[in-house]
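Some notes on the structure that comes next.
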Amino acid sequence: MDIVHVIFRWIHILMGIMWIGLLYFFNFVNGPFAATMDGETKKKVVPELMPRALYWFRWGAAWTWFSGLILLALVFYHSKTVFDDPTTPWSIGVWVMLAVTFLAVFLYDALAKSGLGKNPKVFGSVAFVCAAIITVLFAKWAGFGWRGFNIHVGAMFGTTMAFNVWYRIWPAQQKIIRAVKEGAAPDPALVAMAGSRSRHNTYMSIPLFWTMMNQHTIGFAGGAYGIPDSLGWLVLLVAILLGWHIAFQFYKMAAKVKGF
């Protein structure tokens, strides 16, 4: 089991770098650059560049998610570290919240498709409230320990991001690339949807990194720094908000970086 653990952790880190590196390339480099290209340039560049980049992007996402699922099973279920006390029995709340971890993506997708998804500030506020409620339920109702609720919120974000890549961004990009190659104007609705889902993934990625540093953030648990153990979930919510603010600042910086 130790060998399997090491192999899948290696795969998880490698594929995560592949995936998120390209995500940041699309959002902070390619997006501002693409806005400077005329129609003829796009017709030459986009059909050659984007399929190549999206190949590594989507398979990086798939392997990151799959290897993460294996690690979740090995570290938190097989090794029984979901709870602070490994002898804690699994209640109905635990099973419900495990389902929420992997099914919350459908609530997200419905909200993103609704009128709320058209207003980034409103959508972000609603998304944060949903994330806060789920985090509290993990910690208080299901009784997950610090590491347990951190990693499961991260798994929820990661599942949502992988869903966006395979079922929203990639299908839309195929149609967009074909239209550009043929010299036609891509469907504005598809462009807007793919762009918004990519931005959502960018915002989720930064707090996701916090949850992935699972063994290394326990300094904020157990009553350290005057934070009661019962309020450990509040630290994660602060990390989510801070991560979203960092992403917002990155977008502002990306718009100011110019070519020669």
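The values are calculated or read from the model by the stated rules, or taken from the named source; none is laboratory data. Keep in mind that this is a model prediction, so the values were computed, not measured. Counting neighbours? That spans all protein chains shown, and the Cβs are built from the backbone with ideal geometry, glycine included. Heads up: the accessible areas ignore ligands, DNA and RNA and are worked out on the full protein's heavy atoms, side chains in. Shrake-Rupley method; radii C 1.70, N 1.55, O 1.52, S 1.80 Å.
Whole angstrom only: what separates the Cα centroid of the stretch 63-90 from the Cα centroid of the stretch 208-260? Each part's Cα centre sits 22 Å from the other's.
Between Ala142, Ala73, Ala35, the Gaussian network model of the chain with springs among Cα atoms under 10 angstrom shows the greatest mean-square fluctuation at Ala35. Here is the list for the stretch 68-99: chymotrypsin sites (Phe, Trp or Tyr not before Pro) lying in DSSP coil, each with at most 16 other C-beta atoms within 10 angstrom of its C-beta, are Trp90.
Each Lys and Arg Cβ is given +1 and each Asp and Glu Cβ -1; about its Cα centre, the stretch 1-151 then shows a dipole of about 320 debye.
Once Lys and Arg get +1 and Asp and Glu get -1 on their Cβ, which of Leu107, Val45, Tyr77 lies farthest toward the positive end of the dipole of the stretch 39-124? Comparing the listed Cα positions along the dipole, Val45 ranks first.
Computed in the context of the full set of protein chains, the accessible area of the stretch 1-137 at 1.4 Å probe radius has 74% of its extent on carbon or sulfur.
Counting only Cβ charges, +1 for Lys and Arg and -1 for Asp and Glu, the dipole size of the stretch 83-236 around its Cα centre is about 640 debye.
If Lys and Arg each add +1 and Asp and Glu each add -1, what is the summed charge of the other residues whose beta carbon sits under 14 Å from the beta carbon of Leu71?
Details: positive: Arg9, Arg147; negative: Asp2.
Local net charge: +1.
About its Cα centre, the chain has a charge dipole of approximately 820 debye under the convention of +1 per Lys or Arg Cβ and -1 per Asp or Glu Cβ, with nothing else charged. GNM remark for the chain: springs join alpha carbons under 10 Å apart, and the peak mean-square fluctuation among Ala189, Ala221, Ala61 falls on Ala189.
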